[in-house]
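Report on the following structure.
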Amino acid sequence: MSGCLYIHGVGLHHNYNCDHFSAPPATMLTPFQLCNLGLPSLILIVVTLASSYRYFFGCRRRRDLAGKNVPPGSFGFPVVGESWSFVRALRENKGSEWIQRRVAKHGPVFKTSLMGCPTVVITGRAGNKFVFSCGGEVLSMKQPPSVVRVTGSQNFVELTGMRYKIMKGALMSFLRPENLQDYIGRMDVLVKHLLLGETKGKNTILAVPFMRKLTFKVTCSLLFGLHHESTNEAFFEDFSKTFKGLWAFPLSLPGTTYHQALQARSRITECMLPVLQRRKEQLIEGTVTPKDDIISSLLTLRDENNEPFGEEAVVDTFVALLIAGHDTTATLLSLMVWKLARDSKIYNKVWEEQMGIVREREDETQGKLSWSEVQKMRYTWRVAQELMRMVPPVFGNFRKTLKDISFEGCDIPKGWQILWEASGTHMNKDIFEDPNNFDPSRFENLSKPIPPFAYIPFGAGHRKCIGNEFARIEALVTMHHLITNFEWSQLIPDESITYQPMPYPSKDLPIMLKPRKLSELCDLLKT
(Lines give C-alpha, C1' and ligand atoms only; values in the text may rest on other atoms or scores of the structure.)
Protein backbone atom coordinates (compact mmCIF):
# COMPACT_ATOMS: atom_id res chain seq x y z
CA MET A 1 0.00 0.00 0.00
CA SER A 2 0.91 3.62 -0.37
CA GLY A 3 1.76 5.71 2.63
CA CYS A 4 -1.51 7.07 4.06
CA LEU A 5 -2.87 9.09 6.92
CA TYR A 6 -6.25 7.88 8.12
CA ILE A 7 -9.53 9.25 9.39
CA HIS A 8 -12.17 6.57 9.84
CA GLY A 9 -9.75 4.22 8.09
CA VAL A 10 -9.95 6.20 4.84
CA GLY A 11 -6.65 7.15 3.20
CA LEU A 12 -5.67 10.75 2.65
CA HIS A 13 -2.90 9.82 0.26
CA HIS A 14 0.42 11.53 0.49
CA ASN A 15 2.88 9.17 -1.08
CA TYR A 16 6.22 10.87 -0.61
CA ASN A 17 8.67 9.19 -2.95
CA CYS A 18 5.78 6.81 -3.66
CA ASP A 19 7.57 4.19 -1.57
CA HIS A 20 5.81 1.75 0.76
CA PHE A 21 4.84 3.18 4.10
CA SER A 22 1.84 2.68 6.38
CA ALA A 23 0.76 5.05 9.10
CA PRO A 24 -1.29 3.59 11.97
CA PRO A 25 -5.05 4.25 11.81
CA ALA A 26 -6.37 7.13 13.87
CA THR A 27 -9.34 6.80 16.20
CA MET A 28 -12.28 5.39 14.24
CA LEU A 29 -15.07 7.90 13.63
CA THR A 30 -18.33 7.31 11.79
CA PRO A 31 -19.24 9.77 9.03
CA PHE A 32 -22.07 11.07 11.22
CA GLN A 33 -19.69 11.68 14.11
CA LEU A 34 -17.33 13.44 11.71
CA CYS A 35 -20.11 15.70 10.45
CA ASN A 36 -21.18 16.54 14.01
CA LEU A 37 -17.73 17.50 15.21
CA GLY A 38 -17.45 21.08 16.45
CA LEU A 39 -14.97 23.58 15.06
CA PRO A 40 -12.37 22.94 17.81
CA SER A 41 -12.42 19.22 17.02
CA LEU A 42 -12.07 19.85 13.29
CA ILE A 43 -9.13 22.17 13.93
CA LEU A 44 -7.59 19.47 16.11
CA ILE A 45 -7.89 16.92 13.28
CA VAL A 46 -6.32 19.30 10.77
CA VAL A 47 -3.47 20.09 13.15
CA THR A 48 -3.00 16.37 13.84
CA LEU A 49 -2.83 15.59 10.12
CA ALA A 50 -0.35 18.37 9.49
CA SER A 51 1.77 17.34 12.46
CA SER A 52 1.71 13.70 11.38
CA TYR A 53 2.76 14.73 7.88
CA ARG A 54 5.69 16.73 9.21
CA TYR A 55 6.68 13.96 11.61
CA PHE A 56 6.54 11.04 9.17
CA PHE A 57 7.87 12.81 6.08
CA GLY A 58 9.92 15.77 7.26
CA CYS A 59 13.03 13.83 8.27
CA ARG A 60 12.76 11.63 5.22
CA ARG A 61 12.56 14.63 2.89
CA ARG A 62 15.69 16.19 4.35
CA ARG A 63 17.54 12.90 4.03
CA ASP A 64 16.42 12.15 0.44
CA LEU A 65 17.11 15.64 -0.84
CA ALA A 66 20.46 16.10 0.86
CA GLY A 67 23.04 17.16 -1.70
CA LYS A 68 20.54 17.23 -4.58
CA ASN A 69 19.84 20.22 -6.79
CA VAL A 70 16.09 19.69 -7.13
CA PRO A 71 14.09 22.10 -9.32
CA PRO A 72 12.80 25.30 -7.72
CA GLY A 73 9.17 25.48 -6.67
CA SER A 74 6.88 24.72 -3.76
CA PHE A 75 5.30 21.51 -2.48
CA GLY A 76 2.32 23.54 -1.30
CA PHE A 77 0.28 22.55 1.73
CA PRO A 78 0.99 19.48 3.87
CA VAL A 79 -0.79 16.32 2.66
CA VAL A 80 -2.77 18.00 -0.17
CA GLY A 81 0.15 19.76 -1.87
CA GLU A 82 -1.11 21.94 -4.74
CA SER A 83 -3.70 19.42 -5.96
CA TRP A 84 -6.70 21.55 -5.05
CA SER A 85 -5.52 24.63 -6.95
CA PHE A 86 -4.40 22.51 -9.93
CA VAL A 87 -7.72 20.65 -10.25
CA ARG A 88 -9.65 23.91 -9.79
CA ALA A 89 -7.60 25.55 -12.56
CA LEU A 90 -8.34 22.64 -14.90
CA ARG A 91 -12.06 22.87 -14.22
CA GLU A 92 -11.95 26.57 -15.12
CA ASN A 93 -9.93 25.81 -18.28
CA LYS A 94 -7.00 27.67 -16.74
CA GLY A 95 -4.58 24.77 -16.43
CA SER A 96 -2.14 26.41 -18.83
CA GLU A 97 -2.25 29.62 -16.80
CA TRP A 98 -1.58 27.60 -13.63
CA ILE A 99 1.51 26.15 -15.31
CA GLN A 100 2.68 29.42 -16.84
CA ARG A 101 2.48 31.33 -13.55
CA ARG A 102 4.94 28.87 -12.06
CA VAL A 103 7.09 28.86 -15.21
CA ALA A 104 7.35 32.65 -14.96
CA LYS A 105 8.41 32.35 -11.33
CA HIS A 106 10.61 29.25 -11.38
CA GLY A 107 11.47 28.49 -15.01
CA PRO A 108 10.38 25.70 -17.42
CA VAL A 109 11.20 22.99 -14.89
CA PHE A 110 9.71 23.29 -11.41
CA LYS A 111 8.60 21.12 -8.50
CA THR A 112 5.23 20.85 -6.82
CA SER A 113 3.09 18.16 -5.17
CA LEU A 114 0.14 16.71 -7.11
CA MET A 115 -2.18 13.80 -6.44
CA GLY A 116 -0.28 12.91 -3.29
CA CYS A 117 3.20 12.73 -4.79
CA PRO A 118 6.15 15.14 -5.22
CA THR A 119 6.07 16.17 -8.86
CA VAL A 120 8.37 17.88 -11.33
CA VAL A 121 6.56 19.71 -14.13
CA ILE A 122 8.54 19.81 -17.38
CA THR A 123 7.45 22.16 -20.18
CA GLY A 124 8.60 22.91 -23.72
CA ARG A 125 9.82 20.79 -26.63
CA ALA A 126 13.08 19.82 -24.95
CA GLY A 127 11.09 18.62 -21.97
CA ASN A 128 8.71 16.66 -24.19
CA LYS A 129 11.62 15.02 -25.98
CA PHE A 130 13.23 14.10 -22.67
CA VAL A 131 10.04 12.54 -21.27
CA PHE A 132 8.97 10.67 -24.41
CA SER A 133 12.47 9.45 -25.31
CA CYS A 134 13.42 8.00 -21.92
CA GLY A 135 13.29 4.25 -21.80
CA GLY A 136 11.09 2.21 -19.48
CA GLU A 137 14.04 1.59 -17.19
CA VAL A 138 14.23 5.34 -16.43
CA LEU A 139 10.63 6.59 -16.54
CA SER A 140 7.58 4.42 -16.14
CA MET A 141 3.98 5.20 -17.06
CA LYS A 142 2.87 4.41 -13.54
CA GLN A 143 0.15 6.82 -12.49
CA PRO A 144 -0.38 8.41 -9.07
CA PRO A 145 -1.59 5.87 -6.47
CA SER A 146 -5.00 7.56 -6.34
CA VAL A 147 -5.42 7.05 -10.11
CA VAL A 148 -4.22 3.44 -9.98
CA ARG A 149 -6.89 2.64 -7.39
CA VAL A 150 -9.43 3.60 -10.04
CA THR A 151 -7.86 2.11 -13.19
CA GLY A 152 -6.28 -0.96 -11.56
CA SER A 153 -2.64 -1.88 -11.00
CA GLN A 154 -2.58 -4.57 -13.71
CA ASN A 155 -3.83 -2.49 -16.63
CA PHE A 156 -1.45 -2.48 -19.58
CA VAL A 157 -0.35 1.14 -18.97
CA GLU A 158 1.04 0.11 -15.57
CA LEU A 159 2.90 -2.90 -16.96
CA THR A 160 6.60 -2.77 -17.73
CA GLY A 161 9.21 -4.84 -19.54
CA MET A 162 8.22 -7.95 -21.43
CA ARG A 163 4.72 -8.12 -19.96
CA TYR A 164 3.98 -4.68 -21.41
CA LYS A 165 5.43 -5.61 -24.82
CA ILE A 166 3.39 -8.82 -25.01
CA MET A 167 0.14 -7.10 -24.04
CA LYS A 168 0.77 -4.15 -26.34
CA GLY A 169 1.36 -6.56 -29.22
CA ALA A 170 -1.97 -8.25 -28.53
CA LEU A 171 -3.81 -4.93 -28.38
CA MET A 172 -2.14 -3.58 -31.51
CA SER A 173 -3.42 -6.57 -33.49
CA PHE A 174 -6.83 -4.89 -33.18
CA LEU A 175 -5.68 -1.27 -33.55
CA ARG A 176 -3.23 -1.16 -36.46
CA PRO A 177 -4.52 0.78 -39.49
CA GLU A 178 -4.43 -2.30 -41.71
CA ASN A 179 -6.58 -4.19 -39.19
CA LEU A 180 -8.96 -1.28 -38.64
CA GLN A 181 -10.12 -1.52 -42.26
CA ASP A 182 -12.25 -4.48 -41.23
CA TYR A 183 -14.16 -2.26 -38.77
CA ILE A 184 -15.29 0.41 -41.24
CA GLY A 185 -18.44 -1.36 -42.43
CA ARG A 186 -19.61 -2.33 -38.94
CA MET A 187 -18.68 1.06 -37.49
CA ASP A 188 -20.58 2.84 -40.26
CA VAL A 189 -23.78 0.87 -39.58
CA LEU A 190 -23.47 1.14 -35.80
CA VAL A 191 -22.79 4.89 -35.72
CA LYS A 192 -25.67 5.65 -38.09
CA HIS A 193 -28.03 3.43 -36.08
CA LEU A 194 -27.05 5.06 -32.77
CA LEU A 195 -27.18 8.57 -34.21
CA LEU A 196 -30.61 8.23 -35.80
CA GLY A 197 -31.99 6.21 -32.88
CA GLU A 198 -30.90 8.67 -30.19
CA THR A 199 -32.13 11.71 -32.13
CA LYS A 200 -35.46 10.28 -33.35
CA GLY A 201 -38.30 12.63 -32.51
CA LYS A 202 -35.98 15.18 -30.90
CA ASN A 203 -35.12 18.67 -31.99
CA THR A 204 -32.60 19.28 -29.21
CA ILE A 205 -29.98 17.07 -27.58
CA LEU A 206 -27.11 17.42 -25.14
CA ALA A 207 -24.16 16.77 -27.43
CA VAL A 208 -21.61 15.86 -24.75
CA PRO A 209 -23.46 12.93 -23.08
CA PHE A 210 -24.65 11.85 -26.51
CA MET A 211 -21.08 11.64 -27.86
CA ARG A 212 -19.87 9.92 -24.73
CA LYS A 213 -22.58 7.28 -25.00
CA LEU A 214 -22.04 6.81 -28.75
CA THR A 215 -18.27 6.32 -28.49
CA PHE A 216 -18.71 4.08 -25.45
CA LYS A 217 -21.10 1.75 -27.28
CA VAL A 218 -18.97 1.68 -30.41
CA THR A 219 -15.87 0.77 -28.40
CA CYS A 220 -17.70 -1.88 -26.35
CA SER A 221 -19.15 -3.50 -29.46
CA LEU A 222 -16.26 -3.36 -31.93
CA LEU A 223 -13.24 -3.83 -29.67
CA PHE A 224 -14.59 -5.88 -26.75
CA GLY A 225 -17.42 -7.86 -28.31
CA LEU A 226 -19.96 -6.60 -25.77
CA HIS A 227 -23.30 -6.33 -27.53
CA HIS A 228 -25.79 -6.72 -24.66
CA GLU A 229 -27.59 -3.38 -24.44
CA SER A 230 -28.59 -3.46 -20.74
CA THR A 231 -25.09 -4.55 -19.68
CA ASN A 232 -23.50 -1.75 -21.67
CA GLU A 233 -25.93 0.79 -20.20
CA ALA A 234 -24.96 -0.28 -16.67
CA PHE A 235 -21.29 -0.13 -17.61
CA PHE A 236 -21.75 3.34 -19.08
CA GLU A 237 -23.21 4.80 -15.90
CA ASP A 238 -20.43 3.36 -13.75
CA PHE A 239 -17.70 4.35 -16.19
CA SER A 240 -18.99 7.91 -16.10
CA LYS A 241 -18.55 7.97 -12.31
CA THR A 242 -15.18 6.22 -12.55
CA PHE A 243 -13.87 8.69 -15.10
CA LYS A 244 -14.78 11.71 -12.96
CA GLY A 245 -12.66 10.32 -10.13
CA LEU A 246 -9.42 10.07 -12.08
CA TRP A 247 -8.10 13.52 -11.22
CA ALA A 248 -10.49 14.28 -8.39
CA PHE A 249 -9.00 15.07 -5.00
CA PRO A 250 -8.28 11.57 -3.59
CA LEU A 251 -10.47 11.80 -0.48
CA SER A 252 -12.51 8.62 -0.16
CA LEU A 253 -15.29 9.78 2.13
CA PRO A 254 -18.98 9.09 1.37
CA GLY A 255 -20.32 11.68 -1.03
CA THR A 256 -16.97 12.66 -2.54
CA THR A 257 -16.34 12.22 -6.27
CA TYR A 258 -13.38 9.97 -5.56
CA HIS A 259 -15.40 7.70 -3.25
CA GLN A 260 -18.13 7.38 -5.87
CA ALA A 261 -15.49 6.50 -8.48
CA LEU A 262 -14.09 3.69 -6.32
CA GLN A 263 -17.57 2.29 -5.69
CA ALA A 264 -18.33 2.39 -9.42
CA ARG A 265 -15.02 0.67 -10.15
CA SER A 266 -15.98 -2.16 -7.79
CA ARG A 267 -19.32 -2.61 -9.55
CA ILE A 268 -17.57 -2.78 -12.94
CA THR A 269 -15.37 -5.59 -11.65
CA GLU A 270 -18.40 -7.47 -10.30
CA CYS A 271 -20.17 -7.15 -13.64
CA MET A 272 -17.11 -8.19 -15.63
CA LEU A 273 -16.37 -11.44 -13.81
CA PRO A 274 -19.41 -13.35 -15.16
CA VAL A 275 -18.69 -11.84 -18.60
CA LEU A 276 -15.17 -13.30 -18.46
CA GLN A 277 -16.49 -16.66 -17.32
CA ARG A 278 -18.96 -16.83 -20.19
CA ARG A 279 -16.29 -15.74 -22.68
CA LYS A 280 -13.99 -18.54 -21.44
CA GLU A 281 -16.77 -21.04 -22.05
CA GLN A 282 -17.31 -19.66 -25.55
CA LEU A 283 -13.60 -19.99 -26.28
CA ILE A 284 -13.71 -23.64 -25.21
CA GLU A 285 -16.86 -24.22 -27.27
CA GLY A 286 -15.23 -22.55 -30.27
CA THR A 287 -18.06 -20.06 -30.76
CA VAL A 288 -15.54 -17.21 -30.39
CA THR A 289 -11.81 -17.02 -31.13
CA PRO A 290 -8.96 -14.90 -29.72
CA LYS A 291 -9.06 -12.86 -32.95
CA ASP A 292 -12.69 -11.81 -32.47
CA ASP A 293 -12.24 -9.18 -29.74
CA ILE A 294 -9.79 -7.86 -27.15
CA ILE A 295 -11.35 -9.65 -24.16
CA SER A 296 -11.10 -13.04 -25.88
CA SER A 297 -7.54 -12.27 -26.94
CA LEU A 298 -6.39 -11.28 -23.45
CA LEU A 299 -8.01 -14.32 -21.83
CA THR A 300 -5.80 -16.58 -23.97
CA LEU A 301 -2.68 -14.38 -23.77
CA ARG A 302 0.38 -15.72 -21.95
CA ASP A 303 3.39 -13.90 -20.55
CA GLU A 304 7.09 -14.57 -21.01
CA ASN A 305 6.86 -17.48 -18.55
CA ASN A 306 3.94 -19.01 -20.47
CA GLU A 307 1.59 -18.05 -17.64
CA PRO A 308 -1.83 -16.48 -18.28
CA PHE A 309 -2.09 -12.77 -17.53
CA GLY A 310 -5.05 -13.44 -15.25
CA GLU A 311 -8.54 -12.01 -14.88
CA GLU A 312 -7.34 -8.98 -12.91
CA ALA A 313 -5.15 -7.84 -15.80
CA VAL A 314 -8.03 -8.36 -18.26
CA VAL A 315 -10.49 -6.35 -16.14
CA ASP A 316 -7.97 -3.58 -15.41
CA THR A 317 -7.02 -3.27 -19.08
CA PHE A 318 -10.68 -3.25 -20.07
CA VAL A 319 -11.27 -0.35 -17.67
CA ALA A 320 -8.17 1.60 -18.74
CA LEU A 321 -8.82 1.16 -22.47
CA LEU A 322 -12.46 2.19 -22.23
CA ILE A 323 -11.60 5.26 -20.18
CA ALA A 324 -8.82 6.23 -22.57
CA GLY A 325 -10.59 5.16 -25.74
CA HIS A 326 -14.11 6.45 -25.61
CA ASP A 327 -13.73 9.64 -23.55
CA THR A 328 -10.91 11.14 -25.58
CA THR A 329 -12.85 10.61 -28.82
CA ALA A 330 -16.06 11.90 -27.22
CA THR A 331 -14.13 15.00 -26.18
CA LEU A 332 -12.89 15.59 -29.72
CA LEU A 333 -16.35 15.06 -31.24
CA SER A 334 -18.00 17.37 -28.72
CA LEU A 335 -15.45 20.07 -29.47
CA MET A 336 -15.97 19.62 -33.22
CA VAL A 337 -19.73 20.07 -32.81
CA TRP A 338 -19.04 23.10 -30.59
CA LYS A 339 -16.61 24.65 -33.08
CA LEU A 340 -18.72 24.05 -36.20
CA ALA A 341 -21.74 25.61 -34.50
CA ARG A 342 -19.70 28.75 -33.85
CA ASP A 343 -17.87 29.04 -37.18
CA SER A 344 -20.01 28.89 -40.33
CA LYS A 345 -16.96 29.06 -42.61
CA ILE A 346 -15.42 25.93 -41.07
CA TYR A 347 -18.84 24.23 -40.98
CA ASN A 348 -19.44 24.84 -44.69
CA LYS A 349 -16.04 23.48 -45.70
CA VAL A 350 -16.58 20.29 -43.69
CA TRP A 351 -20.09 19.96 -45.15
CA GLU A 352 -18.80 20.38 -48.71
CA GLU A 353 -16.12 17.74 -48.21
CA GLN A 354 -18.54 15.21 -46.74
CA MET A 355 -21.19 15.80 -49.42
CA GLY A 356 -18.51 15.46 -52.06
CA ILE A 357 -17.83 11.94 -50.76
CA VAL A 358 -21.54 11.04 -50.97
CA ARG A 359 -21.84 12.64 -54.43
CA GLU A 360 -19.05 10.49 -55.86
CA ARG A 361 -20.69 7.21 -54.94
CA GLU A 362 -22.31 5.21 -57.70
CA ASP A 363 -25.14 4.18 -55.35
CA GLU A 364 -26.43 7.38 -53.81
CA THR A 365 -28.93 5.79 -51.40
CA GLN A 366 -27.50 2.46 -50.22
CA GLY A 367 -23.79 3.21 -50.18
CA LYS A 368 -21.80 2.70 -47.00
CA LEU A 369 -18.59 4.39 -46.01
CA SER A 370 -15.46 2.65 -47.21
CA TRP A 371 -11.88 2.86 -46.03
CA SER A 372 -10.88 4.88 -49.10
CA GLU A 373 -13.68 7.37 -48.45
CA VAL A 374 -12.56 7.92 -44.87
CA GLN A 375 -9.07 8.68 -46.17
CA LYS A 376 -10.56 11.45 -48.33
CA MET A 377 -11.83 13.35 -45.29
CA ARG A 378 -8.65 15.39 -45.13
CA TYR A 379 -10.09 18.79 -44.28
CA THR A 380 -12.41 17.35 -41.61
CA TRP A 381 -9.39 15.78 -39.94
CA ARG A 382 -7.39 19.02 -40.22
CA VAL A 383 -10.18 20.69 -38.23
CA ALA A 384 -9.85 17.97 -35.62
CA GLN A 385 -6.06 18.38 -35.52
CA GLU A 386 -6.33 22.12 -35.00
CA LEU A 387 -8.88 21.65 -32.22
CA MET A 388 -6.54 19.18 -30.50
CA ARG A 389 -3.74 21.72 -30.78
CA MET A 390 -5.71 24.49 -29.14
CA VAL A 391 -7.72 22.33 -26.72
CA PRO A 392 -5.79 19.06 -26.20
CA PRO A 393 -8.07 16.17 -25.15
CA VAL A 394 -5.39 15.22 -22.63
CA PHE A 395 -3.93 18.22 -20.81
CA GLY A 396 -0.86 16.21 -19.80
CA ASN A 397 0.11 13.03 -18.02
CA PHE A 398 2.42 11.59 -15.42
CA ARG A 399 5.57 9.53 -15.50
CA LYS A 400 7.39 8.06 -12.51
CA THR A 401 11.17 8.08 -12.09
CA LEU A 402 12.65 4.63 -11.49
CA LYS A 403 16.06 6.02 -10.62
CA ASP A 404 17.67 9.36 -9.79
CA ILE A 405 17.84 11.36 -13.02
CA SER A 406 18.84 14.84 -14.16
CA PHE A 407 17.34 17.28 -16.63
CA GLU A 408 18.49 20.82 -17.48
CA GLY A 409 20.89 20.80 -14.53
CA CYS A 410 18.19 19.75 -12.03
CA ASP A 411 18.12 16.52 -10.05
CA ILE A 412 14.88 14.54 -9.97
CA PRO A 413 14.93 11.89 -7.21
CA LYS A 414 13.84 8.31 -7.70
CA GLY A 415 10.14 7.79 -7.06
CA TRP A 416 9.06 11.33 -7.96
CA GLN A 417 6.47 12.06 -10.62
CA ILE A 418 7.10 13.99 -13.82
CA LEU A 419 4.16 15.82 -15.40
CA TRP A 420 4.37 16.71 -19.09
CA GLU A 421 1.79 19.06 -20.59
CA ALA A 422 0.84 19.92 -24.15
CA SER A 423 0.10 23.65 -24.11
CA GLY A 424 3.76 24.63 -23.68
CA THR A 425 4.43 23.72 -27.31
CA HIS A 426 0.93 23.75 -28.82
CA MET A 427 0.54 27.46 -28.08
CA ASN A 428 4.16 28.46 -28.71
CA LYS A 429 4.38 31.18 -31.38
CA ASP A 430 7.89 30.03 -32.34
CA ILE A 431 6.42 26.67 -33.35
CA PHE A 432 2.93 27.57 -34.54
CA GLU A 433 2.52 30.95 -36.22
CA ASP A 434 -0.25 33.02 -34.64
CA PRO A 435 -1.14 30.17 -32.25
CA ASN A 436 -4.36 31.78 -30.99
CA ASN A 437 -5.83 31.78 -34.51
CA PHE A 438 -7.85 28.69 -35.49
CA ASP A 439 -6.30 27.63 -38.80
CA PRO A 440 -6.71 23.99 -39.98
CA SER A 441 -4.55 24.71 -43.03
CA ARG A 442 -1.43 24.78 -40.84
CA PHE A 443 -1.56 20.95 -40.95
CA GLU A 444 -1.70 20.79 -44.74
CA ASN A 445 1.13 21.39 -47.21
CA LEU A 446 3.43 22.49 -44.44
CA SER A 447 5.97 25.05 -45.59
CA LYS A 448 7.41 24.96 -42.10
CA PRO A 449 7.30 21.36 -40.82
CA ILE A 450 6.19 20.89 -37.24
CA PRO A 451 9.28 19.79 -35.29
CA PRO A 452 9.24 16.48 -33.43
CA PHE A 453 7.79 16.49 -29.92
CA ALA A 454 5.97 19.79 -30.51
CA TYR A 455 2.50 18.48 -31.42
CA ILE A 456 1.56 15.81 -28.90
CA PRO A 457 -2.22 15.29 -28.57
CA PHE A 458 -1.58 11.53 -28.58
CA GLY A 459 1.76 11.66 -26.80
CA ALA A 460 4.93 10.55 -28.59
CA GLY A 461 7.66 7.94 -28.57
CA HIS A 462 7.26 4.27 -27.76
CA ARG A 463 4.38 5.00 -25.37
CA LYS A 464 2.35 6.98 -27.89
CA CYS A 465 -1.41 6.33 -27.66
CA ILE A 466 -2.05 3.00 -29.37
CA GLY A 467 -5.66 3.91 -30.18
CA ASN A 468 -5.03 7.14 -32.09
CA GLU A 469 -5.94 5.66 -35.48
CA PHE A 470 -9.14 4.07 -34.12
CA ALA A 471 -10.07 7.46 -32.65
CA ARG A 472 -9.44 9.17 -36.00
CA ILE A 473 -11.68 6.79 -37.91
CA GLU A 474 -14.44 6.86 -35.29
CA ALA A 475 -14.44 10.68 -35.22
CA LEU A 476 -14.58 10.96 -39.02
CA VAL A 477 -17.33 8.37 -39.44
CA THR A 478 -19.43 10.06 -36.75
CA MET A 479 -18.97 13.55 -38.19
CA HIS A 480 -19.86 12.26 -41.66
CA HIS A 481 -23.23 10.95 -40.51
CA LEU A 482 -23.93 13.91 -38.25
CA ILE A 483 -23.31 16.61 -40.83
CA THR A 484 -24.98 14.78 -43.74
CA ASN A 485 -28.14 14.16 -41.69
CA PHE A 486 -28.45 17.32 -39.61
CA GLU A 487 -27.80 21.01 -39.33
CA TRP A 488 -27.33 22.28 -35.77
CA SER A 489 -27.02 25.43 -33.74
CA GLN A 490 -25.74 26.09 -30.23
CA LEU A 491 -28.37 26.93 -27.60
CA ILE A 492 -25.84 28.54 -25.25
CA PRO A 493 -23.62 30.64 -27.56
CA ASP A 494 -21.18 31.68 -24.82
CA GLU A 495 -20.75 28.19 -23.34
CA SER A 496 -17.21 27.83 -22.00
CA ILE A 497 -14.84 24.84 -21.90
CA THR A 498 -13.96 23.07 -18.66
CA TYR A 499 -11.67 20.12 -17.93
CA GLN A 500 -13.49 17.25 -16.16
CA PRO A 501 -10.59 16.13 -16.35
CA MET A 502 -10.83 16.26 -20.15
CA PRO A 503 -12.07 19.40 -21.91
CA TYR A 504 -15.82 19.55 -22.45
CA PRO A 505 -18.33 22.37 -22.99
CA SER A 506 -19.34 23.27 -19.45
CA LYS A 507 -23.13 22.91 -19.92
CA ASP A 508 -22.99 19.62 -21.86
CA LEU A 509 -23.43 21.51 -25.15
CA PRO A 510 -27.19 21.64 -25.79
CA ILE A 511 -27.79 21.99 -29.53
CA MET A 512 -30.85 22.39 -31.74
CA LEU A 513 -31.05 19.86 -34.54
CA LYS A 514 -32.63 20.38 -37.94
CA PRO A 515 -32.87 17.15 -39.98
CA ARG A 516 -31.89 17.54 -43.60
CA LYS A 517 -34.70 16.77 -46.03
CA LEU A 518 -34.08 13.96 -48.50
CA SER A 519 -35.24 16.16 -51.38
CA GLU A 520 -32.67 18.80 -50.48
CA LEU A 521 -29.91 16.19 -50.34
CA CYS A 522 -30.91 14.82 -53.73
CA ASP A 523 -30.75 18.29 -55.23
CA LEU A 524 -27.35 18.88 -53.69
CA LEU A 525 -26.08 15.54 -55.00
CA LYS A 526 -27.04 16.54 -58.52
CA THR A 527 -25.11 19.83 -58.42
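The values are calculated or read from the model by the stated rules, or taken from the named source; none is laboratory data. This one's a predicted model, so the numbers in the text were calculated from it and none came from an experiment. When we count neighbours, we look across all protein chains shown, and the Cβ atoms used for this are built from the backbone with ideal geometry, even at glycine.
Kindly establish whether LYS105 is farther than 30 Å from SER506 by Cα and not assigned by TED's automatic domain parsing to the domain that holds MET502. It is true that LYS105 is farther than 30 Å from SER506 by Cα and not assigned by TED's automatic domain parsing to the domain that holds MET502. Scanning region 221-243 for residues that are within 18 Å of MET187 (Cβ to Cβ) and touching a Cys at 6+ places or on another chain (Cβ under 7 Å) gives LEU226, ASN232. Just checking, how many residues over region 209-258 are without any contact (Cβ under 8 Å) to a residue 24 or more places away in the chain and closer than 20 Å to ARG91 by Cβ? Residues that pass the stated criteria total 4. Screening region 362-392 for residues that are surrounded by 22 or more Cβ atoms within 10 Å (Cβ to Cβ) and in a loop (DSSP other than H, G, I, E, B) and picking the one that is modelled with the highest pLDDT gives MET377. Does LEU482 meet the test of being farther than 19 Å from LEU175 by Cα, among the aliphatic types (A, V, I, L, M) and either at pLDDT 95 or above or assigned to a helix (DSSP H, G or I) (or both)? Yes, satisfied.
Being assigned to a loop (DSSP other than H, G, I, E, B), out of contact with any strand residue (DSSP E or B) (no Cβ under 9 Å at 6 or more places or on another chain) and of a type in the set (D, E, K, R) is a property that LYS345 lacks. Just one of the numbered conditions (1) crowded, with 16+ Cβ neighbours inside 10 Å; (2) β-branched (Val, Ile, Thr); (3) not in a helix (DSSP H, G or I) is not true of ILE492: (1).
The listed residues are ILE418, ILE357, and the only one of them that is aliphatic (A, V, I, L, M) and part of a helix (DSSP H, G or I) turns out to be ILE357. Looking at region 101-188, the helices (runs of 4 or more DSSP H) lying wholly inside it that each contain 3 or more residues that are closer than 28 Å to CYS410 by Cβ sit at 125-133, 145-151.
Based on this model, can you work out whether LEU194 counts as assigned by TED's automatic domain parsing to the domain that holds ILE294, more than 20 Å from the chain's Cα centre (by Cα) and not in a helix (DSSP H, G or I)?
Values: assigned by TED's automatic domain parsing to the domain that holds ILE294: yes; more than 20 Å from the chain's Cα centre (by Cα): yes; not in a helix (DSSP H, G or I): no.
In short, no.
In region 418-467, which residue that is polar (S, T, N, Q) and loosely packed, with under 14 Cβ neighbours inside 10 Å is nearest to GLN385 (Cα to Cα)? Top of the filtered list is SER441.
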